[in-house]
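**Q** After the structure tokens below, expect a handful of questions from me.
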Amino acid sequence: MTATADHEVGRARTRKEDARLVTGQTSWTDNIMLPGLAQVAFLRSPHAHARITSVNLDAARTAPGVIAVFAGADVAAEQGSLPCAWPVTEDIVIPNHPPMAVETVRYAGEIVAAVVARDRYAAADALELIDVEYEPLPPVLDMPAALEPGSPKVHAEGNKSYTWSLANGDLDAAFADAPVVIERTYRQQRLIPEAMEPRAVVVAPVADEFTMWSSTQIPHVLKVMLALVTGIPEHKLRVIAPDVGGGFGSKLQVTAEEVLALILARRLGRPVKWTESRTEGNAAVHHGRDQIQKIRIAADADGTLRGLDVDLLADMGAYLMIVTPGVPLLGAFMFNAIYKMAAYRFNCTGVFTTKTPTDAYRGAGRPEATYAIEHIMDDLAFHLGLDPLEVRERNWIKHEEFPYTTISGLTYDTGNYEAATALAKDLFQYEELRKEQSERNAASAQVRLGLGVSTYTEMCGLAPSRVLGSLRYAAGGWEHAAIRMLPTGMVEVITGSSAHGQGHETAWSQIVADELGVPFEDVRVLHGDTAISHKGMDTYGSRSLVVGGTALVSACGKVREKARVIAAAMMEVAPTDLEWADGRWAVRGDPDQGKTIGEIAFATFAAHDLPDGVEPSLDCDATIDPDNFSYPHGTHLCAVEVDTETGWVKIRSYVAVDDIGNVINPLIVDGQLHGGIVQGIAQALFEEAAYDDSGNLVTASLADYLIPSAADVPSFTLARTQTPSTLNPLGVKGVGEAGTIASTPAVVNAIVDALRPFGVTDVAMPCTPERVWRAINNALPSPGETPPLQPPAQNQVDGGGAA
Amino acid sequence: MIPASFDYTRPGSVEAAVEALAADEEAKVIAGGQSLLPLLRLRFAYPTLLVDLGGISELRGVRDAGDALEIGALTTHYELTRDPLIAAHAGLLAQAAGTIADPAVRHRGTIGGALSHADPAGDLPAVVTALEAVLVVTGPGGSREVSPAGFFADYLTTTLAPGEILTSVRVPKLGDGWGYHYEKFHPTAQAWAIVGVAALARRSNGHVAEARIGLTNMGSTPVRAGAAEAAAAGAEASAAAMRAAAQRADEGTSPPSDLRAAADYRRHLARVLTGRALARAAGI
């Protein structure tokens, strides 16, 4: 499916939604004004862990402009418990999770009271008049310590939520006589999703019905969950996600703020709005990553992998949110990545701490897994004195071996790791850079060069429902699409994939233009309002195009078939005499005779001469549940220069060759990769949610939580290989998370590669200049240097060796 | 931004501003707002009155005052990067101003505001320290002149008395032979400096005759690296000599340990960066 003059699919269309987005004409949730709208502000716990001994609301209640003030006890009877939809094991501990804390707070930022006022200023002023007394309890901040028998408990049930395991093959045999065994511990630091638009919610009650506008990725799932949590019948709820300014998983959630806004609106009988500040959001939005990964590989002397053993500790934070426990499982199937091996064991323990809950963040489980395996593959290569690409090639699935069932049990449909790697090496000038690196090392240059490799794959297109069910996920993975043919030939597309920046309106229009033979401009895409798009599973896990796009193609096919019968009647021929050619139904053998969808739509509207039994409508819908995930892959290569004197890391060049199957819109794909790569670089170099010893988030503002801007990253060289997926009619694989999954290990591998001459085998993320400098100076102490005040970040000695 | 409530006044003259400030102990001056607004937003500050200097046109712009440049307190960072007088006589100021935060901040933030905020992690305090600028302060009793060392008292603290406003910065013109460089080490383009080095060097006959070094974020105020200055003075104008002189750059400093860097690493950076900044300033 390559671009041609006649085809919309494959064209680098600029996005039709951008005009309203970039000119500020659209309505974000915070712009919504309603008569009588009151503002909600939440008081949040300043303690990581404490018992609430008293709450005095009197002064706040009488403050100017205040309508009502509530503490946890006031809403305890109706607030329910925030849902966890992924109880990954039978014996998982899912603690009660009140949207507003009643007796105990378990992370700094947990809601303890709410003010409803006439405006945001009055609400914020009144917050300062609420007097809450706390009896501090010991914080629980370190995962291994939390699992010790004497540890203070986050919940009465203990600090372990679950242990989930996966095992295939004979791991003991694989390790028993392995010539090479390498063991490492990597740390996935905690990250904070920073969507451009902070979260916001508006609730309007009318009699016993409620409309919620929310900056959410999941209006459909949210509606179901709100009904279950609050007891409001689902048919009396309408959820609207207007234009949403990014999510990265952080808005794949049923939040305390949404539930409380609904409850307060119901209680007061008037519309309410809540909009978070950036600082409030950093403490309260769910965080991402935060794992300790113990990984062990066994290999033959030539680098052929024999077995892989992974033990994870995953920080759940204080509570389980909608898919918190499932995030590590999405990684469980990915540690083996593109490599063949005989045995694999995966173990994950979910641990409660007194920190903000974690949940899905761009890539959700897969960046973590990819980082660990791609890092240890580099360690294996170094141990054996092989080029990192050579050791990968010795282990990866050859292109002629697809479809291939991996050791974790997934069946990859297609892929061509050889082709993507060859192209990447060429664009990167890999051999030339290796030569320069050797020269710099030989000269003991102050600025060293490091080359980082990441030959990633991922599972995305989240479906299939049966597999999700087998993993104990509560919902399905299908998607819905509908076509409404308007009398004038215009097309309204309804999708259950609720876009929040991905450009669905453009990509979906391109698909429909080709499927129905209509101009791109004549297609309008409607989404995100459960009263219009009544059915959907929403947008996350790079699933929209793979699942939602497939539903769209199916719905278009149904429209064509309905149109065929009517077109045949219009031309007084039999439906079997017609063929779909050049975007219309034409008489086979007489191409001058034909009807476009637009003409057929108008005839259907008039409905004067329809055949008996044919309904006067072309509208169709489709719900699709694929029977496999999709598997994009690619080779990312990163060159860094490391100033050994200061620890400064400069990304000199970055080449990304991605195979995401067929491409609907290359411009959107490039945009996804640019943003995704930067987000992965951010984990490698800049971002970390840091807590102090008492459990307070010290990176609460963007002054302290460093996110990169365009000035901090190089221009990327992007290219593609195109191995169409065989799992869907579009041949697409998904691209929303690929860049983020791929880039983190590419960057860190490059840094470690630059520092191998100093004996460095790892630098903990984020690889700040100080950590890099300490890694160098601990590995190679020089008498003239001031000794560091603290131990090295995570500078391990090489654990590889003959077993 | 949802700050606590405050009154607001926009006087048309320095005298009126001083009068408004003097009348209210909890009043704060606002110019570009790039330091004050975050404090208001986070409710770290509760001023009762904001005295907006934006309407006082005499505080804007750069004037040639003979041996010195007279820079109005309301001159923005962006203007510092573009002003021809600054470029000709105090290029260090332009170079450093160009590294502050991002273009939006540089178009709003002012030199007077940045200095009065007295953040030792800010760039301009160390730069005016190295330039041996004179800060002109106006209060109820008239104007007085104060050196940077006399102005910066502590972390976020100046010696401005209640009712006083920093009205201009007088920067001596750099004469012949002087070179300069601001070496800023910051983790991202928009972030504050972990360490910054503002270096000036006067070169003469293959030697560095004189050097002046101001350090950013190496203590609770901007500091002069006096020992390194002394070591550089008279040294051969070579990278090795500058590096050697810079080994003393952290003497007498007390850098903070914080989220971004531990004190020992800051000391190390100060030495390395001073060597590089001196070399650039000396045209090596």
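What follows is calculated from the coordinates using simple rules that are stated; it is not laboratory data. Worth saying up front: this structure is predicted, and the values here are computed from it rather than measured. For neighbour counting, all protein chains shown are included, and Cβ atoms are generated from backbone atoms with ideal geometry for every residue, glycine included.
**Q** For the pairs A:Lys223/A:Lys733; A:Lys160/A:Lys355; A:Lys16/A:Lys562; A:Lys223/A:Lys355; A:Lys223/A:Lys251, note any where the Cα-Cα span goes beyond 20 Å.
**A** Pairs exceeding the cut-off: A:Lys223/A:Lys733; A:Lys16/A:Lys562; A:Lys223/A:Lys355.
**Q** Can you run the Rg to Rh ratio on chain B? Use alpha carbon positions and the Kirkwood inverse-distance Rh.
**A** With Rh from the inverse mean 1/r over Cα pairs, Rg/Rh is 0.98.
**Q** Moving on to the next point. So which lysines can A:Lys340 reach, going by Cα to Cα under 16 Å and dropping same-chain residues fewer than 8 places off?
**A** A:Lys398
**Q** Would you order A:Cys460, A:Cys556 from fewest to most other beta-carbon atoms within 10 Å of each residue's own beta-carbon?
**A** Sorted ascending by nearby Cβ count, the order is A:Cys556, A:Cys460.
**Q** Quick one: check the C-alpha center-to-center distance for the stretch B:185-205 versus the stretch B:127-172, whole angstrom.
**A** With the stretch B:185-205 and the stretch B:127-172 each reduced to a Cα centre, they are spaced 22 Å.
**Q** Further question: Count, for each residue of B:256-266, the Cβ atoms from other chains sitting within 10 Å of its Cβ, then give me the mean as a whole number.
**A** That average works out to 5.
**Q** Would you kindly derive the ³J(HN,Hα) couplings of the stretch B:169-178 from the backbone phi angles with the Karplus curve 6.51 cos²θ - 1.76 cosθ + 1.60 (θ = phi - 60°), listing them in order in whole Hz, with x for Gly and Pro?
**A** Those phi angles translate into 10, 9, 10, x, 5, 6, x, 5, x, 7 Hz.
**Q** Under the rule of at least 5 residues apart or a separate chain, name every residue whose amide H is placed under 5 Å from the amide H of A:Asp619.
**A** Amide H neighbours of A:Asp619: A:Met485.
**Q** From a point 7 Å beyond the Cα of B:Glu58 in the direction of its Cβ, which residues of the stretch B:116-151 have a backbone N at a distance under 20 Å?
**A** Flagged as within label range: B:134-146.
**Q** Apply the Karplus parameterisation 6.51 cos²θ - 1.76 cosθ + 1.60, with θ equal to phi minus 60°, to every residue of the stretch A:521-530 and state each ³J(HN,Hα) to the nearest whole Hz, in sequence, with x for glycine and proline.
**A** Coupling constants for the stretch A:521-530: 5, 8, 10, 10, 10, 10, 7, x, 10, 5 Hz.
**Q** Let me ask another. Using just the helices of chain B, give the 222 nm mean residue ellipticity in deg cm²/dmol: DSSP H runs with n ≥ 4 each add -39,500 (n - 2.57), and the total is spread over all residues, rounded to 500.
**A** Roughly -8500 deg cm²/dmol at 222 nm, from the helical runs in chain B.
**Q** To continue, here is another question. Where a ≥ b ≥ c are the square roots of the eigenvalues of the C-alpha gyration tensor, would you call the stretch B:62-172 rounded, which needs a/c under 1.5, or, failing that, prolate if a/b is larger than b/c, or oblate?
**A** oblate
**Q** Looking at the calculated P(r) for the stretch A:326-472, what percent of the C-alpha pair distances fall above 29 Å?
**A** Considering the stretch A:326-472, 29 percent of its Cα-Cα pairs are separated by more than 29 Å.
**Q** Going by Cα centres, the stretch A:440-505 and the stretch B:206-224 are how many Å apart?
**A** Value for the Cα centre distance between the two parts: 52 Å.
**Q** Evaluate the relative contact order of chain A (contact order divided by residue number), counting alpha-carbon pairs under 8 angstrom at least 6 apart; express in whole percent.
**A** 15 percent
**Q** Related question: List, in order, the whole-Hz ³J(HN,Hα) value for each residue of the stretch A:140-146 obtained from phi through the Karplus relation with A = 6.51, B = -1.76, C = 1.60 and θ = phi - 60°; use x for Gly and Pro.
**A** With coefficients 6.51, -1.76 and 1.60, one gets 10, 10, 10, 4, x, 5, 5 Hz.
**Q** I've got another one for you. Can you give the FRET efficiency to the nearest 0.05 for A:Asp692 and A:Thr304, using r as the Cβ-Cβ distance and R₀ = 35 Å?
**A** 0.15
**Q** A further question on this structure: Are there GluC sites (Glu not before Pro) in the stretch A:554-617 that DSSP marks as loop and that have at most 14 other Cβ atoms within 10 Å, and which are they?
**A** Answer by residue number: A:Glu572.
**Q** Residues of B:189-195, mean number of Cβ from any other protein chain within 10 Å of their own Cβ, rounded to a whole number?
**A** Taking the mean over all residues of the peptide, I get 4.
**Q** Another one. Can you compute the FRET efficiency between A:His608 and B:Ser13 using 1/(1 + (r/R0)^6), with r the Cβ-Cβ distance and R0 = 51 Å? Round to the nearest 0.05.
**A** Once rounded, the FRET efficiency stands at 0.05.
**Q** To make sure I understand, if each residue's beta carbon is the centre and we count other beta carbons within 10 Å, what order do A:Tyr691, A:Tyr121, A:Tyr107 fall in, fewest to most?
**A** A:Tyr121, A:Tyr691, A:Tyr107
**Q** Search the structure for amide H atoms under 5 Å from the amide H of B:Val223, placed 1.01 Å from N in the peptide plane, and list their residues when 5 or more places away or on another chain.
**A** Result for B:Val223 returns B:Leu215, B:Met218.
**Q** Cα centroid distance between the stretch A:118-176 and the stretch B:60-105, in Å?
**A** After rounding, the separation between the Cα centres reads 51 Å.
**Q** Where does each of A:Glu276, A:Glu183 land when they are ranked from fewest to most other beta-carbon atoms within 10 angstrom?
**A** If I rank by nearby Cβ atoms, fewest first, I get A:Glu183, A:Glu276.
**Q** Moving to a separate point now. Return the calculated 222 nm mean residue ellipticity for chain A, to the nearest 500 deg cm²/dmol, obtained by summing -39500 (n - 2.57) across DSSP H runs with n ≥ 4 and dividing by the residue count.
**A** One gets -8000 deg cm²/dmol as the mean residue ellipticity at 222 nm.
**Q** Bin by bin, in steps of 10 Å, what percent of the Cα pairs in the stretch A:136-233 do you find, going until the bin that has the longest distance?
**A** That works out to 9, 20, 20, 28, 15, 6, 2, 0, in percent per bin.
**Q** Return a whole-number percent for the relative contact order of chain B, with Cα pairs under 8 Å and 6 or more residues apart as the contact set.
**A** 15 percent
**Q** Quick one: which residues, 5+ away or cross-chain, put their amide H under 5 Å from the amide H of A:Trp648? H built at 1.01 Å from N.
**A** Here A:Asp643 satisfy the definition.
**Q** Going through the stretch B:1-34, which GluC sites (Glu not before Pro) have at most 12 other Cβ atoms within 10 Å and a DSSP loop state?
**A** B:Glu25, B:Glu26
**Q** Then there is this: Distances over 60 Å make up what percent of all Cα-Cα pairs in the protein assembly as shown?
**A** Cα-Cα pairs of the protein assembly as shown separated by over 60 Å account for 15 percent.
**Q** Modelled label-to-label distance, A:Arg118 and A:Glu615, 7 Å Cα→beta-carbon offset: nm?
**A** 5.3 nm
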